[in-house]
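See structure below.
The values are calculated or read from the model by the stated rules, or taken from the named source; none is laboratory data. The shown structure was predicted, so the numbers you read here are calculated from the model rather than taken from an experiment. Reconstructed Cβ throughout: ideal geometry from the backbone, glycine too, with neighbour counts over all protein chains shown.
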Amino acid sequence: MAKAIRFSRTGGPEVLQLAEVEVDEPGPGEARVRNHAIGVNFIDVYFRTGLYPLDLPSGLGQEGAGVVEAVGEGVEHVKPGDRVAYAARPNGAYSELRTMPADILVKLPDAISFETGAAMMLQGLTVQYLLKQTYPVKAGETILFHAAAGGVGLIACQWARALGVNLIGTVGSNEKAELAKAHGAAHVINYNTEDVVQRVLEITDGARVPVVYDSVGKDTFARSLDCLRPRGLMVSFGNSSGAVPPFALSELVSRGSLYITRPTLQSYAATRQDLEAMAADLFEVVASGKVTIEINQRFPLADAGRAHIELEARRTTGKTILIP
């Protein structure tokens, strides 16, 4: 038996309950992992509220780091005793111990702690594909990144700086503006006191930006389009303010033949080869010190609901983790 967060209906943070669960022996292609730290991400909120449907009752959480205790038939890339980290479906990371698909596990270098491993996988791999694959940024370019003081944003600020890219970050307070600047943002816009589109025009001398990375969704979508230069790319990769409403394709035409994409980590890390390459890139930039993972909130596993309250209220900065 092990303690795990479960929920049997969608709703607010109160639906998350700590329960005793049976943990199966690993079958073919599976591994049993004892979590030492667990990452909390906004996608967890989407599943909890029902925005992303799943079969109930269910566990929750897609990111963690720990030690392999046992492996099933056919698993050769990890073995009992290995330090590992992971970020992907299926849900179930909010647990002390879990049996899970082994193909999403990557070995965690000794130089990286369990807490850092759990805190960086989903967001770090997201930044990897955003900056290196969805739109491969180039040194000297100026880009726009919303929610720059959040977990993904702080990694993006640092990684963009390491790549020689001028990142314009949007934030909701002066405190968050200072945080984004300290982590490498070349420019910061407080969307509560400044006009985002006007400031982007000023910063770029009217040229606008070639790419906007937007995890906010409904509240920022139209402004994001207005910040793009002709034939620019809108990267919508989250919905923290709600889902983007339906829109006419003519909106892309009128702004200069814009492109739009809705990427997910699951698509970019669909093969073992891709996952290994992306993780190696992430581990290298973190181990080098060019990117530091900010863990600014820690909660016991039993307080997962409270962690969600803080996350949804936008009172968090950097990363939030749970400790089993």
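Please indicate, with yes or no, whether at least one residue in segment 86-102 is at pLDDT below 95, of a type in the set (D, E, K, R) and not assigned by TED's automatic domain parsing to the domain that holds residue 216. Scanning segment 86-102, I find at least one residue that is at pLDDT below 95, of a type in the set (D, E, K, R) and not assigned by TED's automatic domain parsing to the domain that holds residue 216, so the answer is yes. Of everything in segment 1-40 that is closer than 17 Å to residue 118 by Cα and among the basic types (Lys, Arg), the residue that is surrounded by the fewest Cβ atoms within 10 Å (Cβ to Cβ) is 34. Could you tell me whether residue 241 is modelled with pLDDT under 95, within 16 Å of the chain's Cα centre (by Cα) and either farther than 22 Å from residue 148 by Cα or not assigned by TED's automatic domain parsing to the domain that holds residue 313 (or both)? Taking the combined requirement at face value, the residue satisfies it. Could you list all residues from segment 44-75 that are more than 20 Å from residue 323 (Cβ to Cβ) and either of a type in the set (A, V, I, L, M) or assigned to a strand (DSSP E or B) (or both)? If the condition is that a residue be more than 20 Å from residue 323 (Cβ to Cβ) and either of a type in the set (A, V, I, L, M) or assigned to a strand (DSSP E or B) (or both), then 51, 54, 56, 58, 70, 71, 75 are the ones that fit. Looking at 139, 87, 149, 111, just one residue is surrounded by fewer than 23 Cβ atoms within 10 Å (Cβ to Cβ) and touching a helix residue (DSSP H, G or I) at 6+ places or on another chain (Cβ under 6 Å), and that residue is 111. Do we find a residue being over 28 Å from residue 78 (Cβ atoms), touching a strand residue (DSSP E or B) at 6+ places or on another chain (Cβ under 6 Å) and among the charged types (D, E, K, R) anywhere in segment 255-273? Yes, the conditions are met somewhere in segment 255-273. Looking only at residues in segment 84-138 that are of a type in the set (D, E, K, R) and assigned to a helix (DSSP H, G or I), the one that is nearest to residue 235 (Cα to Cα) is 132.
You will find that of 212, 188, 235, the residue that is assigned to a strand (DSSP E or B) and touching a Gly at 6+ places or on another chain (Cβ under 6 Å) is 188 and no other. Selection of first residues in segment 28-49 that are at positive phi and assigned by TED's automatic domain parsing to the domain that holds residue 14 and of second residues that are buried (at least 24 other Cβ atoms within 10 Å of the Cβ) and at pLDDT below 95, restricted to Cβ pairs under 8 Å at least 6 apart or on distinct chains, gives an empty result. Please go through segment 274-293 and pick out each residue that is assigned to a loop (DSSP other than H, G, I, E, B) and surrounded by 20 or more Cβ atoms within 10 Å (Cβ to Cβ). If the condition is that a residue be assigned to a loop (DSSP other than H, G, I, E, B) and surrounded by 20 or more Cβ atoms within 10 Å (Cβ to Cβ), then 291, 293 are the ones that fit. So, of the residues in segment 191-209 that are in contact with a strand residue (DSSP E or B) (Cβ under 7 Å, 6 or more places away or on another chain) and part of a loop (DSSP other than H, G, I, E, B), which turns out to be surrounded by the most Cβ atoms within 10 Å (Cβ to Cβ)? Selected residue: 208. Quick check on segment 41-57: of everything there that is in contact with a strand residue (DSSP E or B) (Cβ under 8 Å, 6 or more places away or on another chain) and closer than 22 Å to residue 236 by Cβ, which residue is surrounded by the most Cβ atoms within 10 Å (Cβ to Cβ)? Ranking the qualifying residues of segment 41-57, first place goes to 48. I'd like the full set of residues that are under 15 Å from residue 2 (Cα atoms) and assigned to a strand (DSSP E or B), limited to segment 13-36. Across segment 13-36, the qualifying residues are 17, 18, 19, 20, 21, 32, 33, 34, 35, 36.
Answer yes if at least one residue in segment 3-21 is among the charged types (D, E, K, R), at pLDDT 95 or above, touching a Lys or Arg at 6+ places or on another chain (Cβ under 8 Å) and on the phi < 0 side of the Ramachandran plot, and no otherwise. Yes, that holds for at least one residue.
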